[in-house]
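Peer 1: One structure is given below, represented as C-alpha coordinates, and several questions about it will come after.
The values are calculated or read from the model by the stated rules, or taken from the named source; none is laboratory data. Note that the structure is a prediction, hence the values are computed from the model and not measured. Methodologically, a virtual Cβ is constructed for each residue, glycine included, from the backbone with ideal geometry; neighbour enumeration extends over all protein chains shown. SASA here: full protein model, heavy atoms, side chains in, ligands and nucleic acids out. Shrake-Rupley method; radii C 1.70, N 1.55, O 1.52, S 1.80 Å.
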Amino acid sequence: MRIYLIRNQLNGGDLKMAPNLRGRSFLTLRDFTRQEIEFLLNMASDLKAKKRVRNLNPLLKGRNIALIFEKASTRTRCAFTVAAIDEGGHAEYLGKNDIHLGAKEDTKDTARVLGRMFDGIQFRGFEHSTVEELARYAGVPVWNGLTDEYHPTQILADMLTIREHLGDLRGKKLVFVGDARNNMGNSLMIGCAKLGLHYVGCAPESLLPAPERVEECKKIAEDSAAGGSIAMVTDPREAVRGADIIYTDVWYSMGEEEKASERRALLSPYQVNMSLFEATGKAGTLFMHCLPAYKGNEVTEDVFEHPRSIVFDEAENRLHTIKAVMVATIGDV
Ligand code: CP
Ligand code: NVA
(Lines give C-alpha, C1' and ligand atoms only; values in the text may rest on other atoms or scores of the structure.)
(Ligands and ions follow the chains in the order given, each with its own letter.)
Protein backbone atom coordinates (compact mmCIF):
# COMPACT_ATOMS: atom_id res chain seq x y z
CA MET A 1 0.00 0.00 0.00
CA ARG A 2 1.32 3.39 -1.05
CA ILE A 3 1.03 5.23 2.26
CA TYR A 4 3.00 2.88 4.46
CA LEU A 5 5.52 2.09 1.79
CA ILE A 6 6.19 5.81 1.37
CA ARG A 7 6.41 6.17 5.13
CA ASN A 8 8.77 3.25 5.30
CA GLN A 9 10.96 4.90 2.68
CA LEU A 10 10.86 8.23 4.49
CA ASN A 11 11.98 6.45 7.64
CA GLY A 12 14.92 5.07 5.75
CA GLY A 13 13.33 1.62 5.53
CA ASP A 14 13.97 -0.78 2.73
CA LEU A 15 10.84 -1.44 0.67
CA LYS A 16 11.75 -5.07 0.15
CA MET A 17 11.92 -5.52 3.90
CA ALA A 18 8.27 -4.50 4.52
CA PRO A 19 6.60 -7.61 5.97
CA ASN A 20 4.04 -9.30 3.77
CA LEU A 21 1.07 -10.51 5.83
CA ARG A 22 -1.21 -11.33 2.90
CA GLY A 23 -3.29 -14.44 3.52
CA ARG A 24 -2.26 -14.74 7.18
CA SER A 25 -4.74 -15.39 9.99
CA PHE A 26 -4.51 -13.34 13.19
CA LEU A 27 -5.15 -15.64 16.15
CA THR A 28 -2.63 -14.58 18.78
CA LEU A 29 0.32 -12.19 18.77
CA ARG A 30 2.71 -15.07 19.44
CA ASP A 31 2.40 -15.94 15.72
CA PHE A 32 3.84 -12.54 14.67
CA THR A 33 7.34 -11.15 14.94
CA ARG A 34 8.08 -7.82 16.59
CA GLN A 35 8.73 -6.34 13.12
CA GLU A 36 5.35 -7.59 11.85
CA ILE A 37 3.50 -6.15 14.84
CA GLU A 38 5.29 -2.81 14.47
CA PHE A 39 4.42 -2.86 10.78
CA LEU A 40 0.71 -3.26 11.69
CA LEU A 41 0.96 -0.41 14.20
CA ASN A 42 2.58 1.87 11.60
CA MET A 43 -0.07 0.95 9.08
CA ALA A 44 -2.82 1.64 11.64
CA SER A 45 -1.32 5.04 12.32
CA ASP A 46 -1.26 5.84 8.61
CA LEU A 47 -4.83 4.61 8.12
CA LYS A 48 -5.90 6.79 11.05
CA ALA A 49 -4.34 9.83 9.41
CA LYS A 50 -5.90 8.87 6.09
CA LYS A 51 -9.37 8.67 7.66
CA ARG A 52 -8.95 12.10 9.26
CA VAL A 53 -8.54 13.72 5.81
CA ARG A 54 -11.23 11.49 4.29
CA ASN A 55 -8.72 10.22 1.76
CA LEU A 56 -10.57 8.22 -0.86
CA ASN A 57 -8.46 5.26 -1.84
CA PRO A 58 -10.36 2.22 -0.62
CA LEU A 59 -8.15 -0.76 0.11
CA LEU A 60 -10.85 -3.40 0.75
CA LYS A 61 -12.94 -2.73 -2.33
CA GLY A 62 -15.03 -5.76 -3.27
CA ARG A 63 -14.05 -7.68 -0.11
CA ASN A 64 -16.75 -9.46 1.90
CA ILE A 65 -16.10 -10.01 5.59
CA ALA A 66 -17.99 -12.41 7.90
CA LEU A 67 -18.32 -11.38 11.54
CA ILE A 68 -19.18 -14.37 13.74
CA PHE A 69 -20.18 -13.45 17.30
CA GLU A 70 -20.95 -16.05 19.98
CA LYS A 71 -20.48 -13.34 22.64
CA ALA A 72 -21.67 -9.73 22.85
CA SER A 73 -19.56 -6.85 21.55
CA THR A 74 -19.71 -3.11 21.05
CA ARG A 75 -16.17 -2.03 20.10
CA THR A 76 -15.00 -5.09 18.17
CA ARG A 77 -18.16 -5.46 16.13
CA CYS A 78 -18.31 -1.75 15.30
CA ALA A 79 -14.59 -1.53 14.55
CA PHE A 80 -14.71 -4.41 12.03
CA THR A 81 -17.89 -3.04 10.46
CA VAL A 82 -16.79 0.59 10.15
CA ALA A 83 -13.27 -0.40 9.08
CA ALA A 84 -14.65 -2.56 6.27
CA ILE A 85 -17.03 0.15 5.08
CA ASP A 86 -14.36 2.89 5.30
CA GLU A 87 -12.22 0.85 2.92
CA GLY A 88 -14.99 -0.04 0.49
CA GLY A 89 -15.72 -3.55 1.77
CA HIS A 90 -18.86 -5.21 3.13
CA ALA A 91 -19.23 -6.73 6.60
CA GLU A 92 -21.91 -9.30 7.41
CA TYR A 93 -22.84 -9.82 11.07
CA LEU A 94 -23.52 -13.47 11.96
CA GLY A 95 -24.79 -13.73 15.52
CA LYS A 96 -24.89 -17.01 17.43
CA ASN A 97 -28.57 -17.58 16.64
CA ASP A 98 -28.22 -16.62 12.98
CA ILE A 99 -26.05 -19.46 11.72
CA HIS A 100 -25.74 -23.21 12.30
CA LEU A 101 -22.24 -23.09 13.83
CA GLY A 102 -22.23 -24.88 17.17
CA ALA A 103 -25.73 -26.30 16.62
CA LYS A 104 -26.46 -28.17 13.38
CA GLU A 105 -23.06 -27.78 11.74
CA ASP A 106 -19.54 -28.43 12.92
CA THR A 107 -16.84 -25.80 12.81
CA LYS A 108 -14.84 -27.19 9.92
CA ASP A 109 -17.89 -27.33 7.62
CA THR A 110 -18.98 -23.80 8.50
CA ALA A 111 -15.37 -22.69 7.91
CA ARG A 112 -15.28 -24.24 4.43
CA VAL A 113 -18.65 -22.76 3.45
CA LEU A 114 -17.82 -19.25 4.66
CA GLY A 115 -14.38 -19.49 3.06
CA ARG A 116 -16.03 -20.04 -0.33
CA MET A 117 -18.08 -16.86 0.04
CA PHE A 118 -16.07 -14.42 2.16
CA ASP A 119 -12.57 -12.97 1.87
CA GLY A 120 -11.98 -12.95 5.63
CA ILE A 121 -13.71 -14.13 8.81
CA GLN A 122 -13.77 -12.55 12.25
CA PHE A 123 -14.63 -14.85 15.16
CA ARG A 124 -15.53 -13.88 18.74
CA GLY A 125 -16.46 -16.70 21.07
CA PHE A 126 -15.64 -19.06 23.87
CA GLU A 127 -13.19 -21.83 22.94
CA HIS A 128 -9.91 -20.76 21.42
CA SER A 129 -9.86 -24.08 19.57
CA THR A 130 -12.88 -22.90 17.53
CA VAL A 131 -11.00 -19.97 16.03
CA GLU A 132 -8.03 -22.24 15.36
CA GLU A 133 -10.25 -24.75 13.57
CA LEU A 134 -11.90 -22.02 11.52
CA ALA A 135 -8.46 -20.83 10.46
CA ARG A 136 -7.35 -24.35 9.60
CA TYR A 137 -10.29 -25.02 7.28
CA ALA A 138 -11.55 -21.67 5.92
CA GLY A 139 -8.87 -21.11 3.30
CA VAL A 140 -9.13 -17.36 3.96
CA PRO A 141 -7.69 -15.28 6.84
CA VAL A 142 -9.47 -15.67 10.18
CA TRP A 143 -9.13 -12.90 12.79
CA ASN A 144 -9.59 -13.54 16.50
CA GLY A 145 -11.99 -10.93 17.91
CA LEU A 146 -11.70 -12.48 21.42
CA THR A 147 -11.78 -15.98 22.85
CA ASP A 148 -11.69 -17.16 26.46
CA GLU A 149 -7.90 -17.23 26.19
CA TYR A 150 -6.79 -14.34 23.97
CA HIS A 151 -7.80 -10.90 22.69
CA PRO A 152 -5.02 -9.94 20.26
CA THR A 153 -6.71 -7.14 18.28
CA GLN A 154 -7.22 -5.29 21.58
CA ILE A 155 -3.48 -5.39 22.21
CA LEU A 156 -2.70 -3.73 18.88
CA ALA A 157 -5.05 -0.87 19.84
CA ASP A 158 -3.47 -0.63 23.29
CA MET A 159 0.06 -0.51 21.92
CA LEU A 160 -0.85 2.14 19.36
CA THR A 161 -2.46 4.20 22.14
CA ILE A 162 0.56 3.88 24.44
CA ARG A 163 2.85 4.86 21.58
CA GLU A 164 0.73 7.93 20.85
CA HIS A 165 0.90 9.05 24.48
CA LEU A 166 4.38 7.95 25.57
CA GLY A 167 6.40 7.49 22.38
CA ASP A 168 8.76 4.52 22.20
CA LEU A 169 7.15 1.43 23.73
CA ARG A 170 10.41 -0.13 24.79
CA GLY A 171 11.20 0.10 28.48
CA LYS A 172 7.73 1.25 29.56
CA LYS A 173 6.30 -0.48 32.64
CA LEU A 174 2.75 -1.77 32.26
CA VAL A 175 1.04 -3.25 35.32
CA PHE A 176 -2.09 -5.32 34.77
CA VAL A 177 -4.05 -5.41 38.03
CA GLY A 178 -6.98 -7.81 38.40
CA ASP A 179 -7.78 -11.20 36.86
CA ALA A 180 -4.28 -11.63 35.45
CA ARG A 181 -5.02 -15.03 33.90
CA ASN A 182 -7.87 -13.87 31.68
CA ASN A 183 -7.76 -13.25 27.92
CA MET A 184 -6.49 -9.68 28.42
CA GLY A 185 -3.79 -10.70 30.89
CA ASN A 186 -2.59 -13.47 28.56
CA SER A 187 -2.54 -11.25 25.50
CA LEU A 188 -0.97 -8.19 27.12
CA MET A 189 1.79 -10.40 28.48
CA ILE A 190 2.60 -11.65 24.96
CA GLY A 191 2.34 -8.14 23.44
CA CYS A 192 4.64 -6.59 26.04
CA ALA A 193 7.14 -9.43 25.65
CA LYS A 194 7.21 -8.97 21.87
CA LEU A 195 7.47 -5.17 21.92
CA GLY A 196 9.88 -4.61 24.80
CA LEU A 197 7.67 -3.38 27.65
CA HIS A 198 8.11 -4.44 31.27
CA TYR A 199 4.95 -6.37 32.08
CA VAL A 200 3.81 -6.99 35.64
CA GLY A 201 0.79 -9.22 36.26
CA CYS A 202 -0.73 -8.39 39.64
CA ALA A 203 -3.37 -10.66 41.19
CA PRO A 204 -3.90 -12.98 44.13
CA GLU A 205 -1.99 -16.22 43.68
CA SER A 206 -5.06 -18.11 42.36
CA LEU A 207 -5.62 -15.59 39.54
CA LEU A 208 -2.06 -15.41 38.23
CA PRO A 209 -1.41 -17.03 34.84
CA ALA A 210 -0.14 -20.62 34.74
CA PRO A 211 3.65 -20.81 35.21
CA GLU A 212 4.09 -22.32 31.70
CA ARG A 213 2.47 -19.24 30.16
CA VAL A 214 4.73 -16.93 32.16
CA GLU A 215 7.79 -18.92 31.12
CA GLU A 216 6.68 -18.87 27.48
CA CYS A 217 6.42 -15.07 27.60
CA LYS A 218 9.80 -14.68 29.28
CA LYS A 219 11.23 -16.66 26.39
CA ILE A 220 9.35 -14.47 23.87
CA ALA A 221 10.81 -11.36 25.55
CA GLU A 222 14.29 -12.83 25.28
CA ASP A 223 13.86 -13.92 21.64
CA SER A 224 12.38 -10.63 20.45
CA ALA A 225 15.39 -8.81 21.93
CA ALA A 226 13.41 -5.63 22.51
CA GLY A 227 14.42 -5.43 26.18
CA GLY A 228 11.08 -6.35 27.76
CA SER A 229 10.53 -8.40 30.91
CA ILE A 230 7.77 -10.35 32.66
CA ALA A 231 7.06 -10.46 36.39
CA MET A 232 4.22 -11.57 38.67
CA VAL A 233 3.50 -9.72 41.92
CA THR A 234 0.67 -10.33 44.38
CA ASP A 235 0.89 -7.04 46.32
CA PRO A 236 -0.79 -4.25 44.28
CA ARG A 237 1.05 -1.32 45.89
CA GLU A 238 4.39 -2.98 45.32
CA ALA A 239 3.40 -3.95 41.74
CA VAL A 240 2.45 -0.42 40.60
CA ARG A 241 5.59 1.29 41.88
CA GLY A 242 7.17 3.13 38.93
CA ALA A 243 4.37 2.12 36.53
CA ASP A 244 3.94 4.09 33.32
CA ILE A 245 0.57 2.41 32.79
CA ILE A 246 -1.91 0.76 35.13
CA TYR A 247 -4.24 -1.49 33.16
CA THR A 248 -7.27 -3.36 34.42
CA ASP A 249 -10.19 -5.39 33.08
CA VAL A 250 -13.42 -6.84 34.46
CA TRP A 251 -13.12 -9.23 37.40
CA TYR A 252 -15.22 -11.88 35.66
CA SER A 253 -15.21 -12.22 31.90
CA MET A 254 -18.06 -13.09 29.56
CA GLY A 255 -19.11 -16.64 30.39
CA GLU A 256 -17.93 -16.39 34.02
CA GLU A 257 -20.92 -14.52 35.44
CA GLU A 258 -21.52 -17.16 38.13
CA LYS A 259 -18.13 -16.28 39.61
CA ALA A 260 -19.12 -12.67 40.37
CA SER A 261 -19.28 -12.84 44.17
CA GLU A 262 -16.22 -15.10 44.53
CA ARG A 263 -14.17 -12.72 42.35
CA ARG A 264 -15.37 -9.63 44.22
CA ALA A 265 -14.16 -11.15 47.46
CA LEU A 266 -10.79 -12.12 45.95
CA LEU A 267 -10.15 -8.98 43.95
CA SER A 268 -11.47 -6.07 46.03
CA PRO A 269 -7.92 -5.30 47.34
CA TYR A 270 -6.92 -4.99 43.66
CA GLN A 271 -9.41 -2.25 42.73
CA VAL A 272 -7.78 0.59 40.79
CA ASN A 273 -8.84 3.56 42.93
CA MET A 274 -7.14 6.95 43.46
CA SER A 275 -5.03 5.57 46.29
CA LEU A 276 -3.55 2.84 44.04
CA PHE A 277 -3.31 5.19 41.04
CA GLU A 278 -1.22 7.58 43.16
CA ALA A 279 0.94 4.79 44.59
CA THR A 280 3.14 4.60 41.47
CA GLY A 281 5.38 7.38 42.75
CA LYS A 282 5.57 8.55 39.16
CA ALA A 283 4.04 11.70 37.65
CA GLY A 284 2.06 10.96 34.53
CA THR A 285 1.03 7.31 35.02
CA LEU A 286 -1.74 6.49 32.54
CA PHE A 287 -4.87 4.43 33.22
CA MET A 288 -6.04 1.92 30.62
CA HIS A 289 -8.96 -0.52 30.33
CA CYS A 290 -10.11 -2.49 27.29
CA LEU A 291 -13.78 -1.75 28.20
CA PRO A 292 -16.56 -2.37 28.93
CA ALA A 293 -15.78 -1.37 32.53
CA TYR A 294 -17.67 -2.32 35.67
CA LYS A 295 -17.21 0.89 37.65
CA GLY A 296 -17.10 0.25 41.39
CA ASN A 297 -15.50 -3.16 40.84
CA GLU A 298 -12.14 -3.10 39.08
CA VAL A 299 -11.99 0.71 38.76
CA THR A 300 -13.53 3.67 40.55
CA GLU A 301 -15.35 6.44 38.71
CA ASP A 302 -12.68 9.05 39.61
CA VAL A 303 -9.84 7.01 38.05
CA PHE A 304 -11.96 6.12 35.02
CA GLU A 305 -12.78 9.82 34.44
CA HIS A 306 -9.28 11.06 35.36
CA PRO A 307 -7.45 13.26 32.79
CA ARG A 308 -4.79 10.53 32.61
CA SER A 309 -7.35 7.85 31.76
CA ILE A 310 -6.94 7.08 28.04
CA VAL A 311 -9.68 4.49 27.71
CA PHE A 312 -11.54 6.20 24.87
CA ASP A 313 -8.35 6.67 22.85
CA GLU A 314 -7.91 2.91 23.17
CA ALA A 315 -11.51 2.33 22.08
CA GLU A 316 -11.08 4.52 18.99
CA ASN A 317 -7.84 2.79 18.10
CA ARG A 318 -9.67 -0.54 17.86
CA LEU A 319 -10.99 0.81 14.55
CA HIS A 320 -7.65 1.83 13.06
CA THR A 321 -5.75 -1.28 14.19
CA ILE A 322 -8.45 -3.73 13.10
CA LYS A 323 -8.51 -1.93 9.76
CA ALA A 324 -4.75 -2.45 9.48
CA VAL A 325 -5.12 -6.19 10.20
CA MET A 326 -7.73 -6.55 7.44
CA VAL A 327 -5.88 -4.37 4.93
CA ALA A 328 -2.58 -6.16 5.56
CA THR A 329 -4.06 -9.65 5.25
CA ILE A 330 -6.69 -9.29 2.49
CA GLY A 331 -6.43 -5.72 1.17
CA ASP A 332 -4.93 -4.04 -1.88
CA VAL A 333 -1.43 -3.67 -0.53
N1 CP B 1 -12.78 -4.23 24.26
C2 CP B 1 -13.69 -4.96 23.59
O3 CP B 1 -13.38 -5.99 22.99
O4 CP B 1 -14.93 -4.44 23.60
P5 CP B 1 -16.25 -5.15 23.07
O6 CP B 1 -16.55 -6.31 23.97
O7 CP B 1 -17.31 -4.07 23.16
O8 CP B 1 -16.02 -5.60 21.66
N1 NVA C 1 -11.98 -10.15 29.76
C2 NVA C 1 -13.12 -9.54 29.13
C3 NVA C 1 -12.68 -8.70 27.98
C4 NVA C 1 -13.79 -7.96 27.28
C5 NVA C 1 -13.32 -7.13 26.14
C6 NVA C 1 -14.10 -10.62 28.68
O7 NVA C 1 -13.64 -11.59 28.08
O8 NVA C 1 -15.29 -10.49 28.93
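Peer 1: Could you provide, to the nearest whole Å², the per residue accessible area of the stretch 244-333 with probe 1.4 Å? Walk me through the numbers before you get to the answer.
Peer 2: Working: 3340 Å² over 90 residues.
I get 37 Å² per residue for the stretch 244-333.
Peer 1: While we're here: Under 17 Å from a label point 7 Å along Cα→Cβ of residue 256: give me every residue in the stretch 146-182 with its amide N that close.
Peer 2: 146-152, 176-182
Peer 1: For residue 112 and residue 54 in one chain, what is 0.36 nm times their gap in residues minus the Cα-Cα distance, to one decimal in nm? Could you put the intermediate results ahead of the total?
Peer 2: Values: separation 58, 0.36 × 58 = 20.88 nm, distance 3.60 nm.
Length difference between fully extended and current span is 17.3 nm.
Peer 1: Right, here's the next one. Say the cut-off is 28 Å between C-alpha atoms; which of 96/259; 219/259; 104/194; 172/323 go over it?
Peer 2: Values: 96/259 23 Å; 219/259 32 Å; 104/194 40 Å; 172/323 26 Å.
From 96/259; 219/259; 104/194; 172/323, over 28 Å: 219/259; 104/194.
Peer 1: Using only C-alpha atoms and all pairs of different ones, pull out the Kirkwood radius for the stretch 210-333 in Å with one decimal. Let's see the in-between values first.
Peer 2: On the way: mean 1/r = 0.0594 Å⁻¹.
So the Kirkwood estimate lands at 16.8 Å.
Peer 1: Right, something else. If each DSSP helix of 4+ residues adds -39,500 (n - 2.57) and the sum is divided by the residues in the chain, what number results at 222 nm, nearest 500 deg cm²/dmol? Intermediate results must be reported in sequence, preceding the final value.
Peer 2: Values: 13 runs with 145 residues, N = 333.
Mean residue ellipticity at 222 nm (helix-derived): -13000 deg cm²/dmol.
Peer 1: Can you give the alpha-carbon Rg of the stretch 60-162 over 2.2 N^0.38 Å, where N counts its residues?
Peer 2: The value comes to 1.02.
Peer 1: Tell me the Kirkwood radius of the chain: reciprocal of the mean inverse pair distance over distinct alpha-carbon atoms, in Å.
Peer 2: Numbers: mean 1/r = 0.0495 Å⁻¹.
One over the average 1/r among Cα pairs gives 20.2 Å for the chain.
Peer 1: Please give the FRET efficiency for residue 268 paired with residue 332, using the beta carbon to beta carbon distance and R0 = 45 Å, rounded to the nearest 0.05. Before the final figure, lay out each step's value.
Peer 2: Details: r = 51 Å, r/R0 = 1.12.
Efficiency, from the Cβ-Cβ distance: 0.35.
Peer 1: Counting pairs of Cα atoms in the stretch 202-281, how many percent are more than 19 Å apart? Each step should come with its number before you reach the end.
Peer 2: On the way: 1549 of 3160 pairs.
Distances greater than 19 Å cover 49 percent of the Cα pairs.
Peer 1: Would you mind telling me the share, in percent, of accessible area of the stretch 230-273 contributed by carbon and sulfur at probe 1.4 angstrom? Can you show the working numbers first?
Peer 2: Working: 960 of 1940 Å².
About 49 percent, which is the carbon plus sulfur part of the accessible surface.
Peer 1: Then there's this: State the percentage of accessible surface on the stretch 108-192 attributable to carbon and sulfur atoms; use a 1.4 Å probe and exclude ligands, DNA and RNA. Numbers along the way, then the final one.
Peer 2: On the way: 1100 of 2530 Å².
Taking all protein chains in place, the stretch 108-192 shows 43 percent carbon and sulfur surface.
Peer 1: Could you state the accessible area per residue of the stretch 36-98 in Å², with a 1.4 Å probe and every protein chain left in place?
Peer 2: Details: 2930 Å² over 63 residues.
For the stretch 36-98, the solvent-accessible area averages 47 Å² per residue.
Peer 1: With every protein chain kept in place and ligands, DNA and RNA left out, what is the accessible area per residue of the stretch 143-237? Probe 1.4 Å, answer in Å². If you can, show how the numbers build up before the last one.
Peer 2: Values: 2930 Å² over 95 residues.
With all protein chains present, the stretch 143-237 gives 31 Å² per residue.
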